[in-house]
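Down below is the structure, laid out as structure tokens.
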Ligand code: ADP
Ligand code: ASP
Ligand code: MG
């Protein structure tokens, strides 16, 4: 029996009962002969509540202090979980990210893991303990400050530890039975996927399926760590994410699923001179503010004015900073004005099979048009098509596309066991 890393999300440890339930599950794995490392998120909506609190004190809190605050959430759950396990008669020790050897760069609020040195975790395991590690946090290599990995970052902590400890599997426990063909909160007829490739899972995660964080899937692919996404509320098999199908009945689907995302906003830079170097200057200003952008469109310039508009999407949370950065560079770039729109949503269809099935794009657009959904931006990769629409249209669009591609299940409705989906 090898080493397993189990990660429990906030909805699985939302209250004392949840913590006790999860503790039993962890002890079961230990009794089955595994060495068990547990990564735990903050209880329920704690992280959101801490963010709300910070905003009441300061509209733009300093990154260092913000991280110090947010990591408190995981400290609470890790200590309580260790206590609950001890109460069941088993040895457990909790560790902060820093104590567990999670070393990051020093970009506060979205630090990247650059090394994992889990010496203390190894020792704890060798002494017969269950090791509990606070997710979503690390310590910066140069300044030795506490950092966080970005929202949902506990998934990444879990996979990074699994890689560093050479675990046989990384189990991600959440409030649904696995990865579905669409978010079960939106599409009741979504189907559970038995196996999905890293490649397709990466695209789903990048397109907003927050059941797994994009960075965690990237990490798992790089180190070839199989992930098993499953519910902490049921005993069912979940979804395996790996390079190759594991069971005998699973094979690559043409379309893996439909993802949606309402966490982005759109900025339009109006009246940009249509000459070389303008786009470079705009996106340099945004990049220098450490902001990642997603989709871009440039309109055809009106011949009479020689001016064009450039729109791009970015996380809403970065909207303010992007506007500030562009305003500062306004004179140098020479555009007229900026428009900010946070009422947008993105719908993406993902599947490696679309490489070889030419009708997929046409069917996708047909489904959207039949549902009366207007498309504002389009982007594609080899295995994904994404469109931006009005935020109000997103649920209807996801449901329509899911049906049109024959993904609806005809049996059990997808179950959401807990959480607020916040
Ligand atoms: P945790 O607190 O366990 O990290 P998250 O809220 O981050 O849980 O992720 C689980 C949620 O992801 C589910 O409740 C579901 O609403 C959402 N989700 C979005 N897309 C999918 C999908 N394709 N399959 C399963 N869940 C999805
Ligand atoms: N507690 C953090 C968050 O809510 C990290 C995580 O849950 O993965 O984003
Ligand atoms: Mg999550």
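Every read-out reported here was derived from the displayed coordinates using simple, explicitly stated rules and does not represent laboratory data. Fair warning: this is a prediction, and the values are worked out from it, not measured in the lab. Here the Cβ positions follow ideal geometry from the backbone for every residue, glycine too, while neighbour counts run over all protein chains shown.
Could you list 144, 210, 188 in order of exposure, starting from the residue whose Cβ has the fewest other Cβ atoms within 10 Å?
With the sparsest Cβ surroundings first, the list reads 144, 188, 210.
What share of the DSSP beta bridges in the chain is antiparallel, in percent to the nearest 5? Write out the running numbers ahead of the final one.
On the way: 45 of 74 bridges.
Here the antiparallel bridges make up roughly 60 percent for the chain.
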Nearest 10 degrees is fine. How inclined is helix 214-223 to the longest principal axis of the chain, computing both from alpha carbons? 60
Cα gyration tensor shape of the range 118-232, rounded if a/c is under 1.5, else prolate or oblate by comparing a/b with b/c: prolate
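By counting other Cβ atoms within 10 Å of each Cβ, how are 309, 177 ranked from fewest to most? Show your work: numbers first, answer last.
Working: 309 19, 177 22.
Going from sparsest to densest Cβ surroundings: 309, 177.
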Among 97, 135, 359, which one shows the highest mean-square fluctuation when the chain is modelled as a Gaussian network with alpha-carbon springs under 10 Å? 359
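Taking 8 Å as the Cα distance limit and 6 or more residues as the minimum spacing, I'd like the relative contact order of the chain as a percentage. Present the calculation step by step, with values, prior to reporting the outcome.
Working: 927 pairs, mean separation 63.3, N = 422.
After rounding, I find 15 percent.
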To the nearest 10 degrees, how steeply does helix 16-31 sit against the main Cα axis of the chain, on a 0 to 90 scale? 60
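Give the shape of the chain as rounded, prolate or oblate, defined through the alpha-carbon gyration tensor: a ≥ b ≥ c are the square roots of its eigenvalues, a/c under 1.5 means rounded, and otherwise the shape is prolate if a/b is larger than b/c and oblate if not. Don't jump to the answer; show the numbers that get you there.
Working: a/c = 2.13, a/b = 1.38, b/c = 1.55.
Note, shape of the chain comes out oblate.
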Once both axes come from the Cα atoms, what is the angle between helix 394-404 and the longest principal axis of the chain, in degrees from 0 to 90, rounded to 10? 80
Peptides ranked, highest mean first, by Cβ atoms within 10 Å: ranges 179-187, 322-330: 179-187, 322-330
What helix-only [θ] at 222 nm does the chain give? Using -39500 (n - 2.57) per DSSP H run of at least 4, over all residues, to the nearest 500, the answer is -10000 deg cm²/dmol
Given the options 142, 166, 45, state which has the largest fluctuation in a GNM of the chain using a 10 Å cut-off (strictly under) for Cα springs. 142
Which order do 308, 71, 380, 147 fall in if you start with the one that has the fewest other Cβ atoms within 10 Å? 380, 308, 71, 147
If the elastic network links every pair of Cα atoms under 10 Å, which of 78, 354, 201 fluctuates the most in the Gaussian network model of the chain? 354
Order by protection proxy (mean Cβ within 10 Å, highest first), peptides 399-406, 118-125, 231-238: 399-406, 118-125, 231-238
Is the shape of the range 46-121 rounded, prolate or oblate, going by the alpha carbon gyration tensor and its root eigenvalues a ≥ b ≥ c, with a/c under 1.5 for rounded and a/b larger than b/c for prolate? oblate
